[in-house]
Structure formats: C-alpha cells, structure tokens
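S.K.: Provided herewith is a single structure, encoded as structure tokens, for subsequent inquiry.
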Amino acid sequence: MKLTTRGHYSVKALLDLTLQPAYGPASVKAIAQRQDLPAPYLEKLLIELRRAGLVQSIRGVQGGYQLARSPASISLGQILEAVGESIDPLPRHSPDGSQAEDWVTFTVWNRLHQKLKESLYSISLEDLYFDARSWQAAQGEETSFVV
C-alpha cells in the first residue's frame, strides 16, 4: 500500500483538529499554516471528509472545521476511505486457473490485504493523537506540534 498526499494530508488535518479545545472549529488557513499544507488542497480534502461524516463545518467568524465525532470513534481506515485511498491488493487481477502458484500467491495477497484493512480500521484517531503526544514528550517538546 502506498499512502498518497491525499491520505497523508487528511490524517494530518484531522490530528490537528484533535488539538482544538473541546474539539472546537479551526479554519482551513490555520490548519494549513500549522501543518504546512496548501490551503486550497486542504479545503477540498476537508469537504470530502465532511461528506463522509468525519468533520463538520461551522459558519461564521469563529467557524471552520471540527471533528464530527470523538477521535476514538474515527479510524485511520475511515479517513483514508473518505478521501478515496485504495488499499486493493491486485486490482482487476484474476489468477490463472491452470497454475497452482498463481492461486496461492493470489490467496496470500488477499489475506495480507484483509489483515492490512483490519489494522487500518482498528487504529483510531485517538491512538494516533496519543502516539504523537508520546513522541513529543520523548523529545521534550511543548503542546503544539506539526504532524
């Protein structure tokens, strides 16, 4: 599996939103500045994440985007799926019925795909947040961070 910038930026943006007091809203510009991301691209990703029900938009001067659910209930798999990331092992591949080796490798890749998918859906945004905080503490850093 190769993580594209779409997936990487989406995870960074949602991790940034976990830092907001009471998970309150943050503007696209503020998130983009903190995470060193291009704001127009980030806006498109946040719209996709909103459509998937992972964030919600708040209008007004104090508005922006905020998490739609608690970080514990948002999985890495949901984030990646929301922005169109694919973890399909062998797209449009069907094994050659006359070769046992082809069936065996096909089966192995499908099993690995299933394990990867299970892992991605078992890792929550809250897990990633605590991993980032643990790393920060080990580095002796303060509370703000760039993912």
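Just so it is clear, none of the values below were taken in a lab; they were calculated from the coordinates. Please read all numbers here as calculations on a predicted model, not as lab measurements. Here the Cβ is made from the backbone with ideal geometry for all residues, glycine too, and neighbour counts use every protein chain on show.
S.K.: Pop out the ³J(HN,Hα) list for segment 122-136 in order, Karplus 6.51 cos²θ - 1.76 cosθ + 1.60 with θ = phi - 60°, rounded to Hz; leave Gly and Pro as x.
M.R.: My calculation for segment 122-136 gives 9, 8, 8, 4, 5, 4, 5, 4, 5, 4, 5, 5, 5, 4, 4 Hz in order.
S.K.: Using a basic spin-label model with each label point 7 Å from the Cα along Cα→Cβ, how many nm lie between residue 8 and residue 135?
M.R.: In this crude label model, residue 8 to residue 135 measures out at 1.2 nm.
S.K.: Could I ask something else about it? Based on the Cβ-Cβ distance of residue 57 and residue 109, what FRET efficiency does E = 1/(1 + (r/R0)^6) give at R0 = 30 Å, to the nearest 0.05?
M.R.: The pair residue 57/residue 109 has a calculated efficiency of 0.15.
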